[in-house]
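*Asks:* Below: one structure in structure tokens.
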Amino acid sequence: MYHILIVDDEKDERKVILFLLKKFNINLTMLSASDGMEAYTILKSQQIDILFTDIQMPLLNGLELASKARELYPDIEIIFFSGHDDFNYAKKALFLHAENYILKPVNPLELKETLEKVMEKLEHRENPYASYENSIKEKFYIQNPPEAPDFSESDVEDSKLLSDIEQAISLKNPGNLEGSITHLLEKYQNATSISHIYIRYLCTSILQYLTSYLSSNELDFHEITEKIYTFRNFGEIRNCIEEYLRIVLAQMQQDSQNANQPVQLVKHYIRTHYMEDLSLSCLADKVYLSPQYLSTMFSQTTGTSLNHYIRNIRIEKARELLLTTNMKISDIGKAIGYSNIPYFCRIFQEERGQSPEKYRLNRGGMEPC
């Protein structure tokens, strides 16, 4: 009988996996551990055929545990499950020749299919290495696979594309969003030599970014993720992503029609609170937008940067105070939001061509030649 070791620092998660394994009626001796160090102790004390481990755990995380398990038993079957969707995790799982990378909450059907494949491999294993290499060829690298997967170039490009997608979502840039997603989908349309786990992970990452833009009340990301792992071919996955892309693009178009409203609110706030701290994050909070998105929206709508607009308002107010009051220059600087008086004098000089003192002396006019 084969032995499976289930490792998770959350007791309820371990119970769920043990319950499902019993329900599947798979002929396994089941052991469990509450952290990586406890699991490593078990691994050193007895033969384990299947390691089913969470990734983020105290003392010794799942990736470190799997690496140590591979040193003890080169042919051990490894299955990762995690509630954290992380690009690097998926890549390292491939480097460790994991059978699968399952996202929490665990999809029972996916778990059952994964375990059945692992059991089949164990039962038909002729020796620790030959069968293992054959399974890797069949499962991960169909066409003349290398001894170990190398995603060095692909990793850089895919990371950049995912970053571009995330940024396009943040900045509500439909053109960049559609272009980046299309590029990534086209790249893996006929990539038969790449691990299906890697491709599905990339696709779930795309969906996570897309669904983050939409109302959480309308969409359940975990439910969508489960769909990705039930699709039988890349065409079905692509259709799913493109459908949600269309929804997001339509929402962005609708949002852009209302984009002028937050800009007007920010401009009004600046005109009435010019004497206060007007940091980008402070202003973004007032209209419930990200700082970067507000900055981009403001520039696109007004044709000037947010900082330059604030400066213009403050300098205009300083000009009025210089001409209509007897306030000290230092007091005027503080009154318009500049506690650093030399800085105030410098930017006033840049904007008006004269120092505040000379501007007051000349009553706003230029000095005679």
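The values are calculated or read from the model by the stated rules, or taken from the named source; none is laboratory data. Everything quoted here is computed from the prediction, not taken from an experiment. Virtual Cβ from ideal backbone geometry, glycine too; neighbours counted across all protein chains shown. Accessible surface is based on the protein model in full, side chains and every heavy atom, while ligands, DNA and RNA are left aside. Shrake-Rupley method; radii C 1.70, N 1.55, O 1.52, S 1.80 Å.
*Asks:* When you go through I136, I142 one by one, which is the residue that is of a type outside the set (S, T, Y), more than 14 Å from the chain's Cα centre (by Cα), modelled with pLDDT under 70 and assigned to a loop (DSSP other than H, G, I, E, B)?
*Replies:* Being of a type outside the set (S, T, Y), more than 14 Å from the chain's Cα centre (by Cα), modelled with pLDDT under 70 and assigned to a loop (DSSP other than H, G, I, E, B) holds for just one of I136, I142, which is I142.
*Asks:* Going through the stretch 248-268 one residue at a time, which ones are in a helix (DSSP H, G or I), open to solvent by less than 70 Å² (accessible area, probe 1.4 Å) and either under 12 Å from F298 (Cβ atoms) or of a type in the set (V, I, T) (or both)?
*Replies:* Those that are in a helix (DSSP H, G or I), open to solvent by less than 70 Å² (accessible area, probe 1.4 Å) and either under 12 Å from F298 (Cβ atoms) or of a type in the set (V, I, T) (or both): V248, P262, V263, V266, K267.
*Asks:* Residue under question is L18, and the condition is that it be out of contact with any helix residue (DSSP H, G or I) (no Cβ under 9 Å at 6 or more places or on another chain), within 15 Å of L115 (Cα to Cα), open to solvent by less than 50 Å² (accessible area, probe 1.4 Å) and not basic (K, R); does it hold?
*Replies:* Yes; evaluated as a whole, the condition is true for this residue.
*Asks:* Confirm whether E153 is assigned to a helix (DSSP H, G or I) and either modelled with pLDDT under 85 or of a type in the set (G, A, S) (or both).
*Replies:* When the stated conditions are applied, E153 passes them.
*Asks:* Any residue in the stretch 180-192 that is open to solvent by 70 Å² or more (accessible area, probe 1.4 Å) sitting within a Cβ distance under 9 Å of a residue that is part of a loop (DSSP other than H, G, I, E, B)? List the pairs, counting only those 6 or more apart or interchain.
*Replies:* Listed by first residue and then by second, the contacts come to T192/I142; T192/Q143.
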